[in-house]
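The structure appears below as structure tokens.
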Amino acid sequence: LYLTFEALDSGKLKLTDRIPISPHAAAQAPTKLGLRAGDSITVEDAMYAIALKSANDIAVAMAEKLGGTESRFAALMTLRAQELGMTNTRFVNANGLPDSRQITTARDLAILSRAVMRDYPQHYKLFSVQQYTVRGQVLRNHNHLLGKMAGVDGIKTGFTNASGFNLAASAVRDGRRLIAVVMGGPSTAVR
């Protein structure tokens, strides 16, 4: 999403642009939106699908739109991560699905979280949306702290069998913002 925000701000993308769904994108494992190869989705709807549902198919489609191929996009993600100071991160796919070559740390995810807020405050509100409808499908945010914990305004959850239940969250209280990153939680409740 950071690279999507960058493309929007530079004019490379518009919210109304269409993102085609390739056979590779459509074949991604759940969680996914479930669009078929040959279909398309707007950039705006894609952003919500990625932020709220962690839609792996849409993350790959966005990667192909921005990078040409998912592997080229992953290289761009890694390069930007290094430029942001995420020294212990390497991306090999767009959606975070398991790959032994892909790695990050809680510190690096906190750096990315802070960078999104600092560099794209106009887009940060996306991470506080609790639900959004795409083609009649109601997407609910997996970050269950939203609306339940005072001051929480984002950011993103994640899960794989290998990494467990993960969360980068941010909250503002008494004029002070804190970012917390939890990795390897055994359940959504513990996360």
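The values are calculated or read from the model by the stated rules, or taken from the named source; none is laboratory data. Nothing here was measured: the structure is a model prediction, and the numbers come from that model. Cβ placement follows ideal geometry from the backbone for every residue including glycine, while neighbour counts extend to all protein chains displayed. Please note that ligands, DNA and RNA were not included when accessible areas were found on the heavy atoms of the full protein model with its side chains. Shrake-Rupley method; radii C 1.70, N 1.55, O 1.52, S 1.80 Å.
Selection of first residues in the range 69-96 that are basic (Lys, Arg) and of second residues that are part of a helix (DSSP H, G or I) and at pLDDT 95 or above, restricted to Cβ pairs under 7 Å at least 6 apart or on distinct chains, gives the following pairs, ordered by first then second residue: ARG80/TYR2; ARG80/LEU3; ARG90/THR78.
Checking each residue of the range 97-111 against the condition of being modelled with pLDDT under 95, under 17 Å from ALA55 (Cα atoms) and open to solvent by less than 60 Å² (accessible area, probe 1.4 Å) gives at least one match.
Taking residues in the range 176-187 that are under 14 Å from GLY154 (Cα atoms), and partners anywhere that are surrounded by 12 or more Cβ atoms within 10 Å (Cβ to Cβ) and at pLDDT below 95, the pairs with Cβ atoms closer than 6 Å and at least 6 places apart or on different chains are VAL182/ARG191. Checking each residue in the range 147-170 for being closer than 28 Å to GLN102 by Cβ and aliphatic (A, V, I, L, M) picks out VAL152, ILE155, ALA162, LEU167, ALA168, ALA169.
What residue, of GLY11, GLY38, GLY34, is touching a helix residue (DSSP H, G or I) at 6+ places or on another chain (Cβ under 8 Å), on the phi > 0 side of the Ramachandran plot and of a type outside the set (S, T, N, Q)? None of the others qualify; the one that does is GLY34. Total residues in the range 125-135 satisfying the condition of being closer than 20 Å to ARG176 by Cβ and either in contact (Cβ under 8 Å) with a residue 60 or more places away in the chain or open to solvent by less than 20 Å² (accessible area, probe 1.4 Å) (or both): the figure is 1. Report whether or not TYR132 is aromatic (Phe, Trp, Tyr), in contact with a helix residue (DSSP H, G or I) (Cβ under 6 Å, 6 or more places away or on another chain), closer than 20 Å to ALA49 by Cα and not in a helix (DSSP H, G or I). Taking the combined requirement at face value, the residue satisfies it. Tell me, which residue of the range 112-123 that is surrounded by fewer than 20 Cβ atoms within 10 Å (Cβ to Cβ) and of a type in the set (A, V, I, L, M, F, W, C) is farthest from GLY154 (Cα to Cα)? That would be ALA115. Note on the range 97-126: residues that are within 22 Å of ASP9 (Cα to Cα) and either outside any helix (DSSP H, G or I) or not aliphatic (A, V, I, L, M) (or both) amount to 10.
Do you know which of the residues in the range 136-156 that are assigned to a loop (DSSP other than H, G, I, E, B) and touching a residue at least 24 places away in the same chain (Cβ under 8 Å) is most open to solvent (accessible area, probe 1.4 Å)? So, considering only residues that are assigned to a loop (DSSP other than H, G, I, E, B) and touching a residue at least 24 places away in the same chain (Cβ under 8 Å), the one most open to solvent (accessible area, probe 1.4 Å) is HIS144. Kindly provide the set of residues from the range 54-91 that are basic (Lys, Arg) and either crowded, with 22+ Cβ neighbours inside 10 Å or more than 16 Å from the chain's Cα centre (by Cα) (or both), ordered by number. Matches in the range 54-91: LYS65, ARG72.
Which residue is nearest to PRO30 (Cα to Cα), if the candidates are limited to the range 161-172 and must be loosely packed, with under 15 Cβ neighbours inside 10 Å and at pLDDT below 95?
Checking each candidate, the answer is ASN161.
Look at the range 9-24: where a residue is under 17 Å from ALA59 (Cα atoms) and a partner is assigned to a loop (DSSP other than H, G, I, E, B) and of a type outside the set (Asp, Glu), sitting 6+ places away or on another chain with Cβ atoms under 7 Å, you get ILE21/LEU35; ILE21/ARG36; ILE21/ALA37; ILE21/GLY38; SER22/ALA37; PRO23/ALA37.
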